[in-house]
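The values are calculated or read from the model by the stated rules, or taken from the named source; none is laboratory data. Predicted, not measured: the structure shown is a model, and the values here were computed from it. When we count neighbours, we look across all protein chains shown, and the Cβ atoms used for this are built from the backbone with ideal geometry, even at glycine.
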Amino acid sequence: MTSSVELLIRNARLRGHEKPCDIAIADGRVASIGTAGVATAGSEIDARGNLVTPSFVNPHLHLCKVWTLPMMTEEALNAYQSDGMSQALSAIDLASKVKEKYDAAWILPNARRAVALAALYGTLHIRALADVDSKAKLEGVKALIAVREEFRGIVDIQVVAFAQDGIVRDPGTDKLMHEAMALGCDVVGGIPWIEATDTDAKKHIDVCFDLAQEFNKDVSMLLDDAGNASLRTLEMMALTAIECGWEGRALAHHCRAMSLYPAPYFERLCATLRKAKVPVVTDPHTGPLHARVRELLAAGITVCLGQDDISDAYYPYGRNHMLEVAFLASHLLWMMSRADMETLYDMITTAPAKAMNIADHGLAVGNAANFVVLDQSDVNEALRFHAAPVAVISQGRRVDLARMKDMAGVT
């Protein structure tokens, strides 16, 4: 029996458990899970037999671009989503026009609003991409680092220095990327498939892994994000991770061309991904093609879901709400059995936490107390309603949801 704790959640239903239990929190960590009882608690929450789960994790968000759609025409949106994504490269070039106006002064409040939404909806870890190139310079990086520090202790943000417009095709970006990492970015980000040749794509990957090794950081790369079966940068990145000894430290995003790969090549690719321990983030709601989720899962590859965009040149919606993302994915991926629903829930909690190398994420004694209290009793109902949590616990403390609503402009 625990004598005194800071926070006690009573009558919590855990996934895979038949009966509700109590969760005691002390010093920001889970002190006990069970029904033995607690003598005193500084604060209590009655979950009323509803789900309490690990908090949500968003492994892919272009945070420097949120709410920039009003600054753009719809040219990039139309190009990205049309003709089997054959015009995806043109979409990137069209979308880059907004970066001629990049300024940390307006990026920061937009990003703050998006992160407040994340906290409101129980997303307490974000891998956030900041464009680094000859147009954006380091404006996005500066803004996202500021937001990371502002939300420290509420939402954990991994800032990615992201070479959105290429490295070889945008001279000087390699130096800017180095400056971004020196400023304090947490992850090295690349997009090698947009380079002009395979040789240039490999150089792009090598520059990113060299930076990762110099600063001892993980890698995130947007790969093969177009309707072109000849794109192979996912395999190229995975092989480089093995060569560099960076197994388990490289995360692959999008990989939409995978949907067009012939079966023998896809099977070989899966073996390489397993060897390199490369997880895959998919965002099926933001484009008409997507990674082969069921087959990746069957091959033992970690797969997770990302928000990707919030009202920018590529996607007009988005609330940084991972239950909503999973609800959309359930339809787009035709994952609707009860087992599928459990997998989808994993894809917004434990799977992205693993993919982002987040330590002690999960509802277990000794782990960090980061979780959500829902208003539904099972995963089916949680996905059906994808409502905001009734309580969000970050590092053992209740998040002030009223304040987050105010910061996010939610009425």
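Residues considered: 51, 77, 89, 94. Of these, the only one that is at pLDDT 95 or above and either under 30 Å from residue 158 (Cα atoms) or assigned by TED's automatic domain parsing to the domain that holds residue 307 (or both) is 51. Criterion applied to 369, 382, 387 was being touching a residue at least 24 places away in the same chain (Cβ under 8 Å), in contact with a strand residue (DSSP E or B) (Cβ under 8 Å, 6 or more places away or on another chain) and within 23 Å of residue 61 (Cα to Cα), and the one residue passing it is 382. Of the candidates 222, 269, 239, 231, the single residue that is assigned to a helix (DSSP H, G or I) and either of a type outside the set (A, V, I, L, M, F, W, C) or closer than 23 Å to residue 333 by Cα (or both) is 269. Can you find even one residue in region 224-236 that is under 26 Å from residue 182 (Cα atoms), of a type outside the set (Gly, Ala, Ser) and surrounded by 24 or more Cβ atoms within 10 Å (Cβ to Cβ)? Checked region 224-236: no residue is under 26 Å from residue 182 (Cα atoms), of a type outside the set (Gly, Ala, Ser) and surrounded by 24 or more Cβ atoms within 10 Å (Cβ to Cβ). Considering only region 111-138, state which residues are free of Cβ contacts under 8 Å to residues at least 60 places away in the same chain and in contact with a Cys (Cβ under 9 Å, 6 or more places away or on another chain). Within region 111-138, 111, 132 qualify.
Those helices (runs of 4 or more DSSP H) of region 320-411 in which 2 or more residues are more than 17 Å from the chain's Cα centre (by Cα), at pLDDT 95 or above and not assigned by TED's automatic domain parsing to the domain that holds residue 303 occupy 379-385, 401-408. When 48, 15 are checked against the criterion of being assigned to a loop (DSSP other than H, G, I, E, B), on the phi < 0 side of the Ramachandran plot and not hydroxyl-bearing (Ser, Thr, Tyr), 15 stands alone in meeting it.
Across region 242-250, a minimum of one residue is classified as surrounded by 17 or more Cβ atoms within 10 Å (Cβ to Cβ), farther than 23 Å from residue 58 by Cα and modelled with pLDDT of 95 or more.
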